[in-house]
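Read the figures in this text as sums done on the coordinates, not as results from a lab. Remember, it's a predicted structure, so these values are computed and weren't measured experimentally. Methodologically, a virtual Cβ is constructed for each residue, glycine included, from the backbone with ideal geometry; neighbour enumeration extends over all protein chains shown.
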Amino acid sequence: MKKVNGFPARFFWGGATAANQVEGAWQEGGKGISVSDVMCVGSHTSPRKISIDLSGDYYYPSHRGSEFFYRFKEDIALFAEMGFKMYRFSIAWTRIFPNGDEKKPNEEGLKFYDEVFKELKKYNIEPMVTISHNELPLHLAKKFNGWSSREMIDCYVKFCEVLFNRYKDYVNYWIPFNEINDLSLPLSTYLHGGIILDDMKYLGDNVDNPQMRFQALHHVFVAAAKAVELGKKLKPSFQFGAMTCHITIYPLTCNPDDIVQTQHEDFIRNCFCSDVQFRGEYPFYQIKYFENNDIELEITEEDRKILKDNPHNFYAFSYYMSVCASADTNAAQTSGNIMGGACNPYLKESEWSWQIDPKGLRYTLNKVYDRYRVPVMITENGLGATDVFFEGKIHDTYRIDYLKAHIEQMREAINDGVELIGYTPWGCIDLVSVSTGEMKKRYGFIYVDADDQGKGSFDRYRKDSFYWYKKVIETNGEDLS
């Protein structure tokens with residue numbers, strides 16, 4: 001008889017946000033300007049303009065976000081009402097070092113997060129901190145061209161040192177970089193790399209310099225490993241997560257050409273970065289990729305040693321969708337999170353054309369656990385959708401259906417033997433979408449009364465999914481009805 005396992009007793013149910021999408025207060029308390037602060041609002045059909053000099057009559061969504069900066073006590077109380085065991089959020093680099101290269105940190109910024117951590121502790125909510133989540137100081141992007149310069153490593157390590165020392169009594173779980181593999185794609189040259197190229201006008205316009213971008217990614221690898229080394233020396237019990245944006249890829253057909261292409265894309269997109277962070281060296285397939293594309297990285301012996309000696313502790317990933325790969329250039333295409341692909345005829349799509357694939361989550365959990373054999377956390381998962389707000393009510397059954405189907409597959413993966421330890425679905429409260437800058441693309445259990453131009457009361461309202469997720473947590477995943 002098959003033994004059916006439930007979720008572990010200390011499973012980390014919770015939610016996730018990022019400072020640039022939720023905090024607002026972009027110049028309060030001495031905060032500096034980040035690369036996100038100069039991105040204008042867009043839509044599913046109109047890309048987000050990058051306005052480095054903040055000129056023009058544009059709306060910049062991160063300037064207000066969801067006003068978490070002013071309402072964090074109210075928001076954390078709502079998280080506690082749902083029963084959160086963990087809250088994943090980022091610390092805005094520009095609140096601590098406004099330009100990124102100051103000698104001393106900004107005390108006002110540190111005090112803000114002091115209060116956030118105290119509030120979380122009040123409700124026994126475990127914080128998981130993303131150190132860098134699309135919040136690179138714009139000054140560093142201009143001064144060094146972001147992570148393309150090795151000098152960025154010292155700036156980042158200094159930032160980490162301040163955070164580790166200040167918050168060591170509050171934080172056990174750290175993610176050095178959000179979705180580190182995004183920088184393997186041209187789409188993320190600016191937002192993840194802080195690289196400003198000539199002719200770059202819009203987020204995702206694919207203006208690219210592969211040599212510079214992969215050198216930047218190498219510097220990010222070294223910085224992450226140095227963060228692990230520094231943190232472990234200060235507090236050996238610190239746990240560091242390597243976080244990947246996992247875009248699960250299937251072959252469109254059983255044509256061997258599709259199979260080979262799928263394997264190649266999966267290696268480069270999904271496996272490369274975490275292979276480096278857990279195995280401590282560049283994998284064979286990536287070395288060959290560099291050779292084939294005339295990319296020559298500057299890698300020192302010290303770099304190789306720091307990568308080898310400081311693997312991460314757990315595998316964290318975002319999962320929203322899957323795509324297919326096909327050698328047929330005429331295959332129908334779909335869009336996606338950081339990459340699209342061939343349409344899977346067996347799947348439905350979200351309002352924003354992301355394919356919905358709950359069973360793909362089980363497949364992915366088994367795949368990554370088999371590859372790395374470390375604890376796994378799903379640090380982002382959710383459905384972006386337009387919610388109808390009427391008389392203080394939001395009946396988001398579509399979101400409940402999406403999350404329920406994914407949690408069911410999480411349970412199946414646990415029954416398969418995967419060591420899954422946490423689930424922090426994305427946008428537990430409505431926030432600015434990074435890809436489009438919209439507020440109407442909502443993910444939260446909590447509705448924020450604000451539109452795409454930052455108009456509204458910003459008051460909070462519990463959606464139907466709020467009460468549903470509260471029940472899920474109360475029953476440790478047993479009751480999904």
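Amide H to amide H distances under 5 Å link Tyr250 with Val323, Cys324, Ala325, where only residues 5 or more positions off or on other chains count and H is placed in the peptide plane. Residue by residue, the range 108-122 carries 3J(HN,Hα) couplings of 4, x, 4, 5, 4, 6, 3, 5, 4, 5, 5, 5, 5, 5, 4 Hz when phi is fed to the Karplus relation 6.51 cos²θ - 1.76 cosθ + 1.60 (θ = phi - 60°); x denotes Gly or Pro.
When the square roots of the Cα gyration tensor eigenvalues are ordered a ≥ b ≥ c, the ratio a/c for the chain is under 1.5, which makes its shape rounded. Amide H to amide H, with H built 1.01 Å from N, Ala316 comes under 5 Å of Ala242, Met243, Thr244, Met377, counting only residues 5 or more places away or on other chains.
Taking Cα centre as origin and charging only the Cβ of basic (Lys, Arg, +1) and acidic (Asp, Glu, -1) residues, the dipole magnitude of the chain rounds to 1400 debye. The H on the amide N of Met128, modeled in the peptide plane, is under 5 Å from the matching H of Tyr87, Arg88, Phe89, each at least 5 residues off or on a different chain.
The range 418-481 and the range 163-218 have Cα centres lying 25 Å from one another.
The dipole here belongs to the range 179-220: it is taken about the Cα centre, uses +1 on the Cβ of Lys and Arg and -1 on the Cβ of Asp and Glu, and is about 80 debye. Take the convex hull of the alpha carbons in the range 396-480; its mean projected area over all directions comes to 6.2 nm². The equivalent ellipsoid that matches the C-alpha gyration tensor of the range 1-72 spans semi-axes of 38, 18, 9 angstrom, in descending order.
If you wrap the tightest convex hull around every Cα atom of the range 98-245 and split its volume per residue, you get 113 Å³. Apply the Kirkwood formula to the range 379-435: the hydrodynamic radius equals the inverse of the mean of 1/r over all pairs of different alpha-carbon atoms; give it in Å with one decimal. For the range 379-435, inverting the mean 1/r across all distinct Cα pairs yields 13.2 Å. Selection among Phe89, Asn172, Val207 by position relative to the dipole of the range 85-230 gives Asn172 as farthest towards the positive end (Cβ unit charges, Cα centre). Derived scalar couplings between HN and Hα for the range 184-199 equal 7, 10, x, 3, 9, 3, 7, 5, 8, x, x, 8, 10, 9, 4, 6 Hz in order, rounded to whole Hz, by the Karplus curve 6.51 cos²θ - 1.76 cosθ + 1.60 (θ = phi - 60°), x for Gly and Pro. Taken over the Cα atoms of the range 37-119, the convex hull encloses 138 Å³ per residue. Expressed in Å, the radius of gyration and Dmax of the Cα atoms of the range 1-157 are 18.1, 67. Peptide packing for 352-358, 298-304 was compared via the average number of neighbouring C-beta atoms within 10 Å per residue; ordered from the highest value, the list is 352-358, 298-304. Ordering of 12-22, 243-253, 463-473 by packing is 12-22, 243-253, 463-473, highest average first (other Cβ atoms within 10 Å, averaged per residue).
Coordinate range of the alpha-carbon atoms in the range 105-161 per principal axis, descending: 41, 21, 18 Å. What FRET efficiency, computed as 1/(1 + (r/R0)^6) with R0 = 60 Å and r the Cβ-Cβ distance, is obtained for Glu229 and Phe390, rounded to the nearest 0.05? Given R0 = 60 Å and the Cβ-Cβ separation, E is 0.70. Taking only the alpha carbons of the range 310-368, we obtain Rg and Dmax values of 13.5, 44 Å in that order.
For the range 276-424, the fraction of alpha-carbon pairs lying more than 28 Å apart is 39 percent, rounded to a whole number.
Phi-derived couplings, Karplus 6.51 cos²θ - 1.76 cosθ + 1.60 at θ = phi - 60°, listed residue by residue for the range 253-265: 9, 8, 4, x, 5, 5, 4, 5, 5, 4, 4, 4, 5 Hz, with x used for Gly and Pro. Once the Cβ-Cβ distance of Tyr202 and Glu102 is raised to the sixth power relative to R0 = 35 Å, the FRET efficiency obtained is 0.70.
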